[in-house]
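J.: Below is one structure. I have some questions about it.
Bear in mind that the values in this text are calculations on the coordinates, not laboratory data. Predicted model only: the values in this text are computed from it and were never measured. Cβ sites come from the backbone with ideal geometry, for glycine too, and all protein chains shown count toward neighbours.
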């Protein structure tokens, strides 16, 4: 019984989010393959793995066949890490190896060097008896072996050597020699961790990892974004909404504008998503901001992600509309974060949102989030076809947490049928609020209408929408007009006959035949 428990003991890697992806950590006393192209983060992850062992009083060993001790120490210093307690064993070419007199002539150099290298590795492990070992890298052993068969046998011999030695091993491979050898290695290892570095056409590099194999352990599959920062790897586990399901606690959330709440049949339901759809400058972001401020008035926290607008400009706009955004930001109830989609991966963005929803660093969990705009979020995606799938998971997760999510989408065009949406996400949202410009009385005006609401009733009227020094103003329903959504409305025949003009519009309007919307 004790032996069985010992064989399935889980050890931590030193990266909490990575342990979460692995299902708790790595099974102890097994051999794992960590592979990726140069610069993908293998060395950094390995050092964090060894330092986690040092923290728990374990003996650790880093065997390097490619990098020098000084290079490893330099990598550690760049992350603010100390390698005290980590034994570094160098097995790299020395200056004397360049001397022709020291070259082998009677035997194949690879045969001699491979046997000597392997023997020195085994002797060092026998001497130290470490609990954690990193061998960097198998590419050097592969070159010495010269054949796939000999290389496989050598790696199998190394794996067999570690059996029963209470040692967890990471084999590093830089994938410089692609081919059958990669699959051979993967078949030998107990688990396989792949690191990738991608170079988009614009912006900084993107990194992601995946677990392609992990025997006897349930892990979270798929790709997970990560970044390398000072201190090591920051891993952003892919959100699986089903893992966070909880009984809903529905409450009605008000906007602070009575006409807006009337349009929505009383207000929005917590845990739902709202799509604010319309052309640029029509007031979508302002409405999202209004909901955040009203939530702050009730003591609830909100988070605004600004993809397109500078924070200073947002404050100035709020001040001009008499919306006390700046006050509640200073009070700590609203947080505004500027996001550069060229520098942040979608996985990192989703992870930050998850932390805010769960209450990071002792802060209150957020109840409203505004993503302004979804167009900027789309630009962060390497491939557009994955946006809706990831967005669906994110919205479902936030819904489980009782968070109302506002998605601001700027449409192309300004008036009428010229309006186009970059990507159709209306079916993902629980509520869709439509904004439009229209022409009347020689002016360009704005309108608002709720075209979809899954949770409860709502008005189907079209109302005038305007922004003033007093904030958001919403007029009465535009009953006397037809064709408002085309951008050029007409007075109905009954309105022309009676001379009635209402709904927030005044003055003479050129009449014409009724236009069927």
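J.: What is the Rg over Rh value, at two decimals, for the stretch 25-86, using alpha-carbon atoms and the Kirkwood definition of Rh? Before the final figure, lay out each step's value.
T.: On the way: Rg = 11.9 Å, Rh = 12.7 Å.
So for the stretch 25-86, dividing Rg by the Kirkwood Rh gives 0.94.
J.: Next question, about the same structure. Which ordering of 52, 249, 343 is given by a fewest-first count of other beta-carbon atoms within 10 Å? Don't skip to the answer; put the middle values down first.
T.: Numbers: 52 19, 249 8, 343 11.
If I rank by nearby Cβ atoms, fewest first, I get 249, 343, 52.
J.: Given a Förster distance of 30 Å, report the FRET efficiency between residue 166 and residue 92 from their Cβ-Cβ distance, rounded to the nearest 0.05.
T.: 0.60
J.: What's the exposure ranking of 438, 32, going from fewest to most Cβ atoms within 10 Å? Please list the in-between numbers first.
T.: Details: 438 23, 32 19.
Ranked by crowding around the Cβ, least crowded first: 32, 438.
J.: Take residue 470 and residue 150, extend 7 Å from each Cα along the Cα→Cβ direction, and tell me the distance between the two endpoints in nm.
T.: It is 8.8 nm.
J.: Between residue 115 and residue 245, what FRET efficiency follows from the Cβ-Cβ distance if R0 is 51 Å, with the result rounded to 0.05?
T.: 0.35
J.: Starting with the fewest neighbours, write out 377, 219, 437 ranked by other beta-carbon atoms found within 10 Å of each beta-carbon. Display every interim value, and only then the final one.
T.: On the way: 377 25, 219 14, 437 18.
Arranged by neighbour count, lowest to highest, 377, 219, 437 become 219, 437, 377.
J.: Hey, another quick one. For all pairs of alpha-carbon atoms in the stretch 244-477, what percent lies in each bin of width 5 Å, listed from the first bin to the last filled one?
T.: For the stretch 244-477, the binned pair fractions read 1, 6, 14, 20, 22, 18, 12, 5, 1, 0, 0 percent.
J.: Between residue 20 and residue 187, what is the spin-label point distance in nm, taking each point 7 Å from the Cα along the Cα→C-beta axis?
T.: Between residue 20 and residue 187, the label points sit 3.6 nm apart.
J.: In Å³ and rounded to a whole number, note down the convex hull volume per residue for the Cα atoms of the stretch 2-237.
T.: Numbers: hull volume 34.3 nm³, N = 236.
So the per-residue Cα hull volume is 145 Å³.
J.: Between the alpha-carbon centers of the stretch 186-254 and the stretch 29-91, tell me the distance in whole angstrom.
T.: Here the answer is 22 Å between Cα centres.
J.: While we're here: Can you pull the three principal axis extents for the Cα set of the stretch 157-295, in Å, largest first?
T.: Projected onto its principal axes, the Cα set of the stretch 157-295 covers 76, 40, 30 Å.
J.: Efficiency by 1/(1 + (r/R0)^6): what FRET value for residue 77 and residue 298, r their Cβ-Cβ distance, R0 = 51 Å, to the nearest 0.05?
T.: Values: r = 49 Å, r/R0 = 0.96.
So the FRET efficiency works out to roughly 0.55.
J.: Between residue 461 and residue 317, what is the label-point separation in nm under the 7 Å Cα-to-beta-carbon projection?
T.: So the label points at residue 317 and residue 461 sit 2.7 nm apart.
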